[in-house]
Every structure is written in C-alpha cells, then in structure tokens.
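Report on one structure; see the data block that follows.
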Amino acid sequence: MGHRIGRSTVADLLHRERFSLQANCKTREGQSHPDRDAQFAHLNARVRGALADGEPVISVDTKKKELVGDFKNAGRTWRPKGQPEEVRVHDFLIEELGRAAPYGVYDLAANAGWVSVGMNNDTSSRALRVDAAFAVQTIGRWWQEVGEARYPSATRLTITADGGGSNASARDCGSSNCNASPLNSASTSRCITCHRARANGTRSSTGCSHSSR
C-alpha cells in the first residue's frame, strides 16, 4: 500500500538525481521568417546610413501596463522593523486610476532615453487605437522637448520598432498620424521612416511632413 515519506526525504532524493527547482526559460522563438538575418542586415544598414548622415535615429517600445494604486509589487524598501507597507489583497483594477502605460524612446546617437507614462483604463478593442495615438504623441513630445534642439538640421527621423502590441501601429507614423505629429511645427520639411521588425517580415513606411512657421 505504499510507504510514508516526508517532503525533506523527497527533496534529498531529487537533489541526489541532480534535480533542482527552476523557473520557466524563454527559449522558443516560434515561427521565424526565412530571411530573418537579411531583415536585420537591412535594418542595420538603414540605421547606420542615417547615423552617418547625422540624422536622428530612435528605437521605440512599450512596456507592460501596470495597475495604479496600492497594489503588491516585487522588491523591498527600507521601513521600521515589523511595519511593512500595507497593500491590497486582490489586484482588481481601480477604475478611476486605470493603468499606467510606459512608452520609451531611445536615441541611438545620443545614447539617451525618454519615457512617457500614459494612463488608460480602456480594456475594449478601442484600447489598441488609444495606445497607437499615445505612441505617436510620445514620439512627438520627445521631438519637441529634446530632438529638435539636439538635431536642428535634421531632414528625416528614422524609427525602429518591433511589430507587436501597440507598436503594430507604428506604421501610422509614416501616414495619417504623421500630419498630426508635433514634428510638423518645424520650419523645414521632414520625413519619418518607420522600420518594424516582425516574425513574418520587416515592414517599412515613410511619410513626409511639410509646414512652415
């Protein structure tokens, strides 16, 4: 009918067989485009070309949305002994606070970053369009606050992004959203080229803004 055994004995036996507790390891890339290496060679050539011309090149990405409020989070802080910060037991969305959505811009030539944090509690299908608009506004805000002063003679802006999540909408940077971008406040014409790396192939799109003060 079996034998009674304690958990420490089980642990000893597993260790003896060279087992250990391990977390999942992300190694499976899934389906990959047959010309994957050529895609990145193409992107690398475009980026190097723009940098050689003294033109700005940025890499953009969105990070995981986080609930806003007194929720449990990883990490520790210094506090008086026996007085941990009290947080909610359940991670339910606080409607009036929503979620924080960080969107980052990395300037390759300057080796400098910019992060905008948006607030959104929309969980409908419209949320992706909201994320897309926020991505475009973040790029525009970076240009207004940093890029235009850093690259006063720029004639084009090169953007690289992956092709998933809200970055799937990066194609709009080179089309309709380009016209609403704060880059249009510049006195010279500027073109925006978006390169999106996707599992089924690299996509590039270019749009030009024409305006004058």
If Gly98 satisfies all but one of (1) buried (at least 17 other Cβ atoms within 10 Å of the Cβ); (2) under 30 Å from Glu148 (Cβ atoms), what's the number of the condition it fails?
(2)
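What residue, of Gly69, Gly6, is out of contact with any Cys (no Cβ under 6 Å at 6 or more places or on another chain) and at positive phi?
Result of the check over Gly69, Gly6: Gly69.
From the set of residues in the stretch 117-162 that are small (Gly, Ala, Ser) and under 30 Å from Ala41 (Cα atoms), which is modelled with the highest pLDDT?
Start the filter on the stretch 117-162 by keeping residues that are small (Gly, Ala, Ser), which leaves 118, 124-125, 127, 132-133, 135, 140, 147, 149, 153-154, 161.
Filter once more, so that each one left must be under 30 Å from Ala41 (Cα atoms): 132-133, 135, 140, 147, 153-154, 161.
Details: Ala132: 78, Ala133: 82, Ala135: 85, Gly140: 90, Gly147: 94, Ser153: 90, Ala154: 90, Ala161: 85.
Out of the qualifying residues, it is Gly147.
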Kindly establish whether Gly54 is in contact (Cβ under 8 Å) with a residue 60 or more places away in the chain and in a loop (DSSP other than H, G, I, E, B).
yes
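The values are calculated or read from the model by the stated rules, or taken from the named source; none is laboratory data. None of these values were measured; they are calculated from a predicted model. Methodologically, a virtual Cβ is constructed for each residue, glycine included, from the backbone with ideal geometry; neighbour enumeration extends over all protein chains shown.
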